[in-house]
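Remarks on the structure that follows.
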Amino acid sequence: MGVAVEIADGPDFPVLAQKLFGNVRLHFPQAPAHARRLTSAVLGEARVSELEAGSHAVFGERVVRASHDPDSLKLLIQAEGSSLITQGGRTVDFGDGMPVLYDPTQAYTLINRTHVRLMMLQVPRHAFSRVALASLLTPRLPHGALGGLWHVLLSTMQSSLREAGRLDEASRVNLGRTLVEMVRPIVEAETPGQVRAKSLDVLLTRTKVFIETHLEQPDLSVEKIAARMGCTPRYIFRAFETQGVTPSQFIWEARLKRARADLGSAGCAARSISAIAFSLGFSSSAHFSRAFRQRFEISPRDFRRSAGVG
């Protein structure tokens, strides 16, 4: 497993930029080197990066340097500042949280006219249809029906970058898949009806990943989850309705399944049953034992013994 998060600032900034984005040229007319910072995390086949720097230009004249380089589409969301991108004879002005999608293997120029904080998402080309890829010759903006989705996507990208360093590889892979699905509507140019149908699926997947990586928090409530997802609690409930469970039921089921896995793991043999329970958000060992027995029809102690661990 490689390094989860890479950070570069000052003179190391352009070195990491070329490593991540290919053969690009950067031009900083005024901003001092110490004011530049690039943070990036690999999430399975996706990559999330945050760039913070003064006004500058990026020239992507020959981006793919070799056959083994990552072949990805790129989506930018301007968290702060103002930018424009020119590609294939079209110039797009973007900012204020509006995303723009483009194919970085086609020559382009990106002008960041002010100090900017850009969130960048690279998604694998093979995840999308040939028809969609063939049509992506110029920068693409989403249609109006997708407005709410991009607020959620920006929030997801920012939280993913913050938490990537403490997630295990499986969780990072799952999070990357979620991001790919969130980008699909703009890549495939789906209709508003298709977007609405898929948005709950994307929210459900993203919420499950968040829950699975925060089971240790005893106050993992729907309100807290909704705040992190950038939506209302009502949408969290609607997402879980498609599977016939409530968010609370999913949380407790996930905790019990994780507890069962830990109790049966030789790697957790030195941990007490109470320690495992408390690490998964249970407030008391008695409550945990009752819930475990009710769900699996065996006590935690007997299950551990049957697994040959305790």
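Each value in this text was obtained by applying a stated rule to the coordinates, not by laboratory testing. Model, not experiment: these values are computed from the prediction. Cβ coordinates were reconstructed from backbone atoms using ideal geometry, including for glycine residues, and neighbour counts include every protein chain displayed.
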In segment 212-257, GluC sites (Glu not before Pro) in a DSSP loop with at most 15 other beta-carbon atoms within 10 Å: E216
statement: Of the candidates I85, F240, F278, the farthest towards the positive dipole end of the chain (Lys/Arg Cβ +1, Asp/Glu Cβ -1, centred on the Cα centre) is F278
- line: Count of lysine pairs, the chain, Cα-Cα under 19 Å, sep. 8 or more residues or interchain, comes to 4
query: Using the Cα gyration tensor of segment 251-306, with a ≥ b ≥ c the square roots of its eigenvalues, what is the shape: rounded (a/c below 1.5), prolate (a/b larger than b/c) or oblate (neither)?
result: rounded
message: Please give the Cα centre distance for segment 227-295 versus segment 119-178, rounded to the nearest Å.
response: 28 Å
query: What is the sum of charges around R234, taking Lys and Arg as +1, Asp and Glu as -1, for the other residues whose C-beta is under 12 Å from the C-beta of R234?
result: -1
field: Student exercise, segment 5-213 dipole from Lys, Arg, Asp, Glu Cβ charges, in Debye to nearest 20
entry: 240 debye
- request: Determine the relative contact order of segment 251-306: mean sequence separation of Cα pairs under 8 Å and six or more apart, normalised by residue count, in whole percent.
  value: 32 percent
- prompt: In nm, what is the difference between 0.36 nm times the number of residues separating A270 and H126 and their Cα-Cα distance?
  reply: 47.4 nm
task: Alpha carbons only, please: Rg and Dmax for the chain, in angstrom.
output: 22.3, 69
- prompt: Any idea what the dipole of segment 251-306 comes to, in debye rounded to 20, about its Cα centre with Lys/Arg Cβ at +1 and Asp/Glu Cβ at -1?
  reply: 40 debye
- line: Using the Cα gyration tensor of segment 91-184, the equivalent ellipsoid's semi-axes, largest first and to the nearest Å, work out to 23, 18, 14
query: Ranked from highest to lowest mean number of other Cβ atoms within 10 Å per residue, what is the order of the peptides 44-53, 273-282?
result: 44-53, 273-282
